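The structure appears below as structure tokens.
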Amino acid sequence: MLALNKTNVQSVTFFLTGIPGLKAAQVWISIPFCLLYVIALSGNSMILFVVLREQNLHEPMYYFLSMLSATDLSLSLCTLSTTLGVFWFEAREITLNACIAQMFFLHGFTFMESGVLLAMAFDRFVAICNPLRYTTVLTNARIAQIGMSILIRNIAVMLPVVLFVKKLSFCSAVVLSHSYCYHVDLIQLSCTDNRINNILGLFAIFSTTGFDCPCILLSYVLIIRSVLSIASSEGRQKAFNTCISHISAVAIFYIPLIGLSLVRRYGHSAPAFVHTIMANVFLLIPPVLNPIIYSVKTKQIRKAITKVLIQKQQQI
């Protein structure tokens, strides 16, 4: 009987969920989501383009910014097809392998963003606390090593998660709670013991964001201490201004992440559509806002983007 109640792992099909209780309005709700995707894709592509094109932006700070933009771009592309497919075409079906692949990239790029934010915090720490050694510490080779270590860490963390999800058996109730594949959501549908999967999921979180966040906080404690030791108020203000964009990027990544966790844990009385909308918006907040923040707050990026836009207008 147990075997009859389980679906074959290779042939199982999951059903994604749109906005519960708001099916009639999904097409209209999808319009702002579509606009957010457009802003995220175009904004991060522009940041990548100007950093690669402009020679004066070939510095450690902007290399890390290009890593952040590449991560945000990839994170947006991970959920674009399934989210808009569900909202526009009711394309809810997704196979197990496709679901696991999306889960791998979705969580992997989320953890990668956390790692890049930590690398950017280290960049600001060296620039402010030890400026004379900045160019010797953050060489191109060192930056490449940091980028590779972030990538390798995420692959090493996510591979066991994926492999153990593949070992699960699923019952007939295979309706997911979101318009994309989320690890916790997926393993809760399993008919078999998922304790190892839960442990691996928690390990993945604590070894990435759980490690990165305290390190970022520590770096800013040291930065603030160093800035306060600067004699002139003008010097202190200049030093703080170099950190504003990064502080904003950290806030818009971690605050929604913590808020979403609190809502999932304590917001049981909230309507189901609130959880779904928040889960979708959380994934779009950093990719949408990061390019805007860096374009507004970073003079060199703003000038480079303006230069590119003017050149395009002249060509037209």
Criterion (without any contact (Cβ under 8 Å) to a residue 24 or more places away in the chain and either at positive phi or out of contact with any Pro (no Cβ under 8 Å at 6 or more places or on another chain) (or both)) met by exactly one of E59, E54 = E59
Considering segment 73-89, residues that are surrounded by 22 or more Cβ atoms within 10 Å (Cβ to Cβ) and within 22 Å of I247 (Cα to Cα), and then whichever is nearest to the chain's Cα centre (by Cα), we arrive at L75
For R92, indicate whether it is open to solvent by 50 Å² or more (accessible area, probe 1.4 Å), in contact with a Phe, Trp or Tyr (Cβ under 7 Å, 6 or more places away or on another chain) and at pLDDT below 95.
-> yes
Taking segment 281-316 and the residues there that are of a type in the set (S, T, N, Q) and at pLDDT 80 or above, the one that is farthest from A251 (Cα to Cα) would be Q311
Would a scan of segment 177-189 turn up a residue that is of a type outside the set (A, V, I, L, M), under 30 Å from A25 (Cα atoms) and free of Cβ contacts under 8 Å to residues at least 24 places away in the same chain?
-> yes
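If a residue must be of a type in the set (D, E, K, R) and either crowded, with 17+ Cβ neighbours inside 10 Å or not in a helix (DSSP H, G or I) (or both), how many such residues does segment 17-52 contain?
Going through segment 17-52, the residues of a type in the set (D, E, K, R) turn out to be 23.
Add one more test, that the residue is either crowded, with 17+ Cβ neighbours inside 10 Å or not in a helix (DSSP H, G or I) (or both), and what stays is none.
Residues that pass the stated criteria total 0.
Take L132 and tell me if it is part of a helix (DSSP H, G or I), closer than 19 Å to M103 by Cβ and not hydroxyl-bearing (S, T, Y).
no
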Which pairs have Cβ atoms under 8 Å, sit 6 or more apart or on different chains, and link a residue in segment 219-245 that is under 23 Å from V116 (Cβ atoms) to one that is open to solvent by 30 Å² or more (accessible area, probe 1.4 Å) and not in a helix (DSSP H, G or I)?
-> A239/I230
Going through segment 113-152 one residue at a time, which ones are surrounded by 14 or more Cβ atoms within 10 Å (Cβ to Cβ), within 24 Å of the chain's Cα centre (by Cα) and either more than 21 Å from N290 (Cβ to Cβ) or among the polar types (S, T, N, Q) (or both)?
-> S114
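Go through the residues of segment 81-90 one by one and say whether even a single one is among the aromatic types (F, W, Y) and closer than 27 Å to C213 by Cα. Full working, then the answer.
Keep residues of segment 81-90 that are among the aromatic types (F, W, Y), which gives 87-89.
From what's left, closer than 27 Å to C213 by Cα: none.
No, the conditions are met nowhere in segment 81-90.
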Among the residues of segment 153-185, how many are open to solvent by 60 Å² or more (accessible area, probe 1.4 Å) and in contact with a strand residue (DSSP E or B) (Cβ under 9 Å, 6 or more places away or on another chain)?
-> 2
Inside segment 190-222, can you point out the residues that are open to solvent by less than 70 Å² (accessible area, probe 1.4 Å) and more than 25 Å from the chain's Cα centre (by Cα)?
-> S190, C191, T192, N194, L222
Which of the residues that make up segment 53-68 are assigned to a helix (DSSP H, G or I) and not basic (K, R)?
-> Q55, N56, L57, P60, M61, Y62, Y63, F64, L65, S66, M67, L68
Search segment 119-139 for residues that are basic (K, R) and pair each with any residue that is assigned to a helix (DSSP H, G or I) when their beta-carbon atoms are under 6 Å apart and the residues are at least 6 apart or on different chains.
-> R124/C243; R124/H246
Pairs with Cβ under 8 Å, 6+ apart, first in segment 143-167 and closer than 17 Å to E113 by Cβ, second part of a loop (DSSP other than H, G, I, E, B) | R153/S207; R153/T208; N154/T208; V157/S207; V157/T208
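The values are calculated or read from the model by the stated rules, or taken from the named source; none is laboratory data. What you see is a predicted model; the values in this text were computed from it and never measured. Positions of Cβ are generated from backbone atoms using ideal geometry, with glycine treated the same way; all protein chains shown enter the neighbour counts. Just so you know, the surface numbers come from the protein's heavy atoms only, side chains and all, with ligands and any DNA or RNA stripped out. Shrake-Rupley method; radii C 1.70, N 1.55, O 1.52, S 1.80 Å.
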